[in-house]
Amino acid sequence: MLKESKKLISTVAKNFDFVLFYTKYNLASAMEFRFNFFSQVFFMIINDTMFLLLWYFFFEHFGKLNGFGFQEMIAIWIFAAGSFGWVNAIFGNANNLGKIISNGGLDFYFTFPKNHLLHALVSKTDLSAWGDLIFALLAFVLFFPLTLYSCVWLIVGWFFSSLILLSFYILVGSLSFWLGRNEVLHNNLMHAFIAFSSNPSSVVQGFLKFFIFFVIPAGFATFLPAELLQTFALDKFIYVVIFSIIFFIITIFIYNRGLKKYSSGNLINIRS
Amino acid sequence: MEKIIEVKNLNKEFTSKIKLSGFRNSLKALFKPEYQQMKAVDNISFSVAKGEKVAFIGPNGAGKSTTIKMLTGILYPSSGEIRVDNLVPWQDRKKLAFKIGTVFGQKPQLWYHLPAMDTFYLFGKIYELDQAKFQKRLNFLIDKFQVREFVNQPVRKLSLGQRMRCEMIASLIHQPKILFLDEPTIGLDVVAKQQLREVLNLMNKEEETTIFITSHDAGDLEKIADRVIVIDRGRVIFDGTVKNFKDKYAWYKLIDLELADNHASEKLNLRGVKILAQDKLSLKLEVDIKKISVKEVIDKLLNIYQIADITIAEMPMEEIIANIYEQNLQKIK
């Protein structure tokens, strides 16, 4: 048991080191083109700020929606932009997973002694995601009191929120094992996730609430972490932790099932 | 000799979609697609000894890449057995990765915008190499492949030949026992090809690296391999030494004659001998060795001509391969 635990810890540490190393070199590669690097990061910060400004004017004009105001909106964006930033900055190929699968691109990762899925996900960074991340951090520093609780929850909340988003990316990408190329479905599902996770949670009721929590799990990824940033509630904390872990396990199970259908880069199509 | 690759009754089938031409058939295929089973690899068996250099050749679609993918654990077979250094590739993928290196000519592994050196460091991390050992190995390979002067330049600024040498270093950094190469010399100029072949032979000699190479380039076969496996429509049609390969598939030899006197008026009429070029003091002949022996031709030539010099050349390997591929095409037609 002790031996197994040691082995597990060693594997986690090695993979963490691997991810860190890859992220460093992905960034180094992106920095080769200075203008592109700075412009993508800068314009994403501006883009997110503009959205938040719009919400500011909205709440100034119409007041709170079922007790949901600008401060709550900032909390939502800290987790929406934050998780999107973390996932796409570190696991920059998450959004391309479906394409990689349908093009037979996993072949390359199979020949290395690392988990091929992890390797595929980390082998790219999305520069604009670093802008999202910086925006989320700035929003937190500027609009929330820097208490021990808020700082700890920011990190913990980002972890679970990012885990849910990453799992959703893998789940949607895995559809390519069965459907082949499916960019439209992929884009619609990902846009739905982002749209649901960056809008006021108070307007969501009934079936839509069920949908947002259990079909497109934006609720667990941003609504609950955002509420927890403002006030701690044990039940909500447990929901987030349990859901994100179970969702991740299910996603990996589905991915591995799909992997059996993977047919490499040999796209054979006969025209007779 | 110790066997490092063992393949027994290997089969791989793919399900592929059939679509007839035309809009109507496209519409039909959209709602009611039809599939058929395709045999990419058909019951092949072979083994490779440690340190052997094997060329795995065949026309496009013969099953070369599918076989290499099964040997490297990328694909699993429909049936049959594979053992690579006593591991089952698709089951022990991670363990196998430490023992093999792969170079796919058309799939670069180097970071395009960073110096090759950065990719080497990354690979050192991926293969969990000890820092001191890694550094020693890296220096050894940098010297052997003569890449020191450009190893710190971004890969996008390197020539294809320089890039391929760096690709090779990345694949050899963990000192693999077997190197799988799929079209490594594609697109390279003559000098770059020669350099690459030299270092492959060197690695084989110094480290006993087993080399398994697929290529359409006859030079790769002649300059690297000591054994050839020919695969055609999923089946092994030849497995033997390069010499045996030539003996089996080369059907002519070339004879170049330098003549001492003007024999332009002399007529040469031999069954199986074709005159390719003739002038006053030289003669070039193609001898169909299936119809007449070279000895017989030379005896005849000595009777007719005053010969100053004679050169006998083998059928070029390129032509032998082209011939096999053409035969394959004709069979398909």
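The values are calculated or read from the model by the stated rules, or taken from the named source; none is laboratory data. All values reported here derive from a predicted model rather than from experimental measurement. All Cβ positions, even for glycine, are placed from backbone atoms using ideal geometry, and neighbour counts span all protein chains on display. Note: accessible area is taken over every heavy atom of the protein model, side chains too, but ligands, DNA and RNA are not part of it. Shrake-Rupley method; radii C 1.70, N 1.55, O 1.52, S 1.80 Å.
Any residue at all in the range B:195-215 that is in contact with a strand residue (DSSP E or B) (Cβ under 7 Å, 6 or more places away or on another chain) and part of a loop (DSSP other than H, G, I, E, B)?
Yes, the conditions are met somewhere in the range B:195-215.
Can you name every residue in the range A:20-55 that is in contact with a helix residue (DSSP H, G or I) (Cβ under 8 Å, 6 or more places away or on another chain), more than 20 Å from A:Val122 (Cβ to Cβ) and open to solvent by 90 Å² or more (accessible area, probe 1.4 Å)?
Scanning the range A:20-55 gives A:Phe42, A:Phe43, A:Phe51.
All but one of (1) away from chain A (no Cβ under 14 Å); (2) outside any loop (DSSP other than H, G, I, E, B) hold for B:Met1; which doesn't?
Failed condition: (2).
Kindly establish whether B:Lys19 is over 24 Å from A:Lys261 (Cβ atoms), in the same structural domain as B:Leu71 (by TED's automatic domain parsing) and open to solvent by 20 Å² or more (accessible area, probe 1.4 Å).
Answer is no for this residue.
Which condition does B:Arg156 not pass, out of (1) without any contact (Cβ under 8 Å) to a residue 40 or more places away in the chain; (2) surrounded by fewer than 19 Cβ atoms within 10 Å (Cβ to Cβ), if it passes all the others?
(1)
Condition first: under 23 Å from B:Thr67 (Cα atoms), touching an Asp or Glu at 6+ places or on another chain (Cβ under 9 Å) and part of a strand (DSSP E or B). Can you find one or more residues in the range B:184-192 that meet it?
Checked against the condition, which is being under 23 Å from B:Thr67 (Cα atoms), touching an Asp or Glu at 6+ places or on another chain (Cβ under 9 Å) and part of a strand (DSSP E or B), the range B:184-192 yields no hits at all.
Within the range B:62-85, can you find the residues that are free of Cβ contacts under 8 Å to residues at least 60 places away in the same chain and among the aliphatic types (A, V, I, L, M)?
Of everything in the range B:62-85, just one residue is free of Cβ contacts under 8 Å to residues at least 60 places away in the same chain and among the aliphatic types (A, V, I, L, M), namely B:Ile74.
Given the residues B:Arg148, B:Arg93, which is the only one that is at pLDDT 90 or above, within 9 Å of another protein chain (Cβ to nearest Cβ), out of contact with any strand residue (DSSP E or B) (no Cβ under 6 Å at 6 or more places or on another chain) and open to solvent by 40 Å² or more (accessible area, probe 1.4 Å)?
The conditions single out B:Arg93.
Evaluate the range A:226-234: report whether one residue or more is closer than 30 Å to A:Lys260 by Cβ and in contact with a Ser or Thr (Cβ under 8 Å, 6 or more places away or on another chain).
So far as the range A:226-234 goes, no, none of its residues is closer than 30 Å to A:Lys260 by Cβ and in contact with a Ser or Thr (Cβ under 8 Å, 6 or more places away or on another chain).
Condition first: more than 7 Å from chain B (Cβ to nearest Cβ) and not polar (S, T, N, Q). Now tell me which residues in the range A:23-37 satisfy that.
Residues satisfying the conditions are A:Lys24, A:Leu27, A:Ala30, A:Met31, A:Phe33, A:Arg34, A:Phe35, A:Phe37.
Those residues that are surrounded by fewer than 18 Cβ atoms within 10 Å (Cβ to Cβ) and either among the β-branched types (Val, Ile, Thr) or more than 9 Å from every other protein chain (Cβ to nearest Cβ) (or both), I need them from the range B:96-107; list them, please.
Result: B:Gln106, single match.
Can you tell which of A:Ala94, A:Ala139 is over 27 Å from A:Ile254 (Cβ atoms), away from chain B (no Cβ under 14 Å) and either in contact with a Leu (Cβ under 9 Å, 6 or more places away or on another chain) or of a type in the set (S, T, N, Q) (or both)?
A:Ala139
Could you list, in sequence order, all residues of the range A:177-194 that are under 25 Å from A:Trp153 (Cα atoms) and open to solvent by 50 Å² or more (accessible area, probe 1.4 Å)?
Correct list: A:Ile194 only.
For the range B:116-126, indicate whether the set of residues that are of a type outside the set (Val, Ile, Thr), assigned to a loop (DSSP other than H, G, I, E, B) and either open to solvent by 20 Å² or more (accessible area, probe 1.4 Å) or within 11 Å of another protein chain (Cβ to nearest Cβ) (or both) is non-empty.
no
In the range B:191-222, which residue that is open to solvent by less than 10 Å² (accessible area, probe 1.4 Å) and among the aliphatic types (A, V, I, L, M) is farthest from B:Asn9 (Cα to Cα)?
The qualifying residue farthest from B:Asn9 (Cα to Cα) is B:Leu196.
Restricting the search to the range B:22-36, which residues are within 11 Å of chain A (Cβ to nearest Cβ) and open to solvent by 90 Å² or more (accessible area, probe 1.4 Å)?
Scanning the range B:22-36 gives B:Glu34, B:Tyr35.
Can you name the strands (runs of 3 or more DSSP E) wholly within the range B:223-333 that have at least 3 residues being outside the structural domain of B:Ala55 (by TED's automatic domain parsing) and open to solvent by 80 Å² or more (accessible area, probe 1.4 Å)?
Fully inside the range B:223-333 and qualifying: B:273-279.
Which ones in the range B:57-87 are part of a loop (DSSP other than H, G, I, E, B), more than 9 Å from chain A (Cβ to nearest Cβ) and open to solvent by less than 20 Å² (accessible area, probe 1.4 Å)?
Listed by number, the residues that qualify are B:Gly58, B:Pro59, B:Ala62, B:Gly63, B:Pro77, B:Asp85.
Which of the residues spanning the range A:116-132 are in a loop (DSSP other than H, G, I, E, B) and either hydrophobic (A, V, I, L, M, F, W, C) or closer than 30 Å to A:Ser150 by Cβ (or both)?
A:Thr125, A:Asp126
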